[in-house]
Amino acid sequence: MEGRYTQRLADDFYQRSTVEVARALLGKILVHEGAAGVTAGRIVEVEAYLFHNDAACHAARGQTARNAPMFGPPGTAYVYLIYGIHYCFNVVTGAEGEGEAVLVRALEPLVGLEIMAERRGTAAINKVAAGPGNLCRAMAITKEHNGHNLHDPPLYLADDGYVVSELVTTTRVGISAAADLPLRFYIAHNPFISRK
DNA sequence: TGGCAGATTTTA
DNA sequence: AAAATCTGCCAA
């Protein structure tokens, strides 16, 4: 149990294009050592948001107080509140000064299943961390993690050697602008994704 | 300074 | 289909 996900992603993991990082994040582990205990899950679904030619990206119109973390160094957390209710967790990518990020949309719960189920109010394992809002709820990720360096506890990314067998590329969910861009990626046939 | 849209989720 | 509920951002 302890030490299983200690192989944290190093800085050079993020030293490549946002799309490459997004695809590489599939299969990696998101770990949160929270007050209620450790929760962790495998990333099975992500979306890329690009600085250039992507009107759906929060940073598309330049830097503001809200999207500032997106312009920070890659490997930073960008967490924001959407619809006044749900948090969305992103991994900042792209060079410093370039507002890009990868939205993590779904996890396969691996550690702390009971904690996650209680936070979510459901024990349905394939729905506990499916969808960006639900994922943050299950993992207790909030605005306080905004700007956090994802190399360090309590919130970090790890690699357990898992290899993705088949990767699917589709258009992103829930956006009106740039809805035709193929920037959503998920593990094929995975039962934990938020939707087909 | 106010109004509105939004990378969602659940069912009032 | 529509509500729940917050806030950054720009003038609908």
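Each value in this text was obtained by applying a stated rule to the coordinates, not by laboratory testing. The structure presented is a predicted model; accordingly, all values stated were derived computationally and were not measured. When we count neighbours, we look across all protein chains shown, and the Cβ atoms used for this are built from the backbone with ideal geometry, even at glycine.
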**Q.** Under the Karplus curve 6.51 cos²θ - 1.76 cosθ + 1.60, θ = phi - 60°, whole-Hz ³J(HN,Hα) for segment A:141-153, x wherever Gly or Pro sits
**A.** 8, 9, 4, 5, 8, 4, x, 5, 7, 6, 8, 10, x
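How much length is gained on full extension from residue A:118 to residue A:144, taking 0.36 nm per residue of separation minus their Cα-Cα distance? Display every interim value, and only then the final one.
Values: separation 26, 0.36 × 26 = 9.36 nm, distance 2.08 nm.
My answer for the length gained is 7.3 nm.
Can you give the helix-only mean residue ellipticity at 222 nm for chain A, where every DSSP H stretch with n ≥ 4 adds -39500 (n - 2.57) and the sum goes over all residues, rounded to the nearest 500 deg cm²/dmol?
-3500 deg cm²/dmol
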Q. Is segment A:11-184 best put as rounded, prolate or oblate by its Cα gyration tensor, with a ≥ b ≥ c the root eigenvalues, rounded for a/c under 1.5, and otherwise prolate when a/b is larger than b/c, oblate when not?
A. rounded
**Q.** Selected from A:15, A:5, A:186, residue furthest toward positive end of dipole (chain A; charges at beta carbon)
**A.** A:186
Q: Residues in segment A:97-126, backbone N under 17 Å from the label point at residue A:6 (7 Å along the Cα-to-beta-carbon vector): list them, ranges by number please.
A: none
Q | Residues of segment A:134-154 with amide N under 14 Å of a point placed 7 Å along Cα→Cβ from residue A:36 | A | A:134-142
Q: List the lysines whose Cα lies under 18 Å from the Cα of residue A:127, skipping any in the same chain that are fewer than 8 positions away.
A: A:196
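Given the Cα-Cα distance of residue A:81 and residue A:165 and 0.36 nm per residue of separation, how much length would full extension add, in nm? Intermediate results must be reported in sequence, preceding the final value.
Numbers: separation 84, 0.36 × 84 = 30.24 nm, distance 3.29 nm.
Computed gain between residue A:81 and residue A:165 is 26.9 nm.
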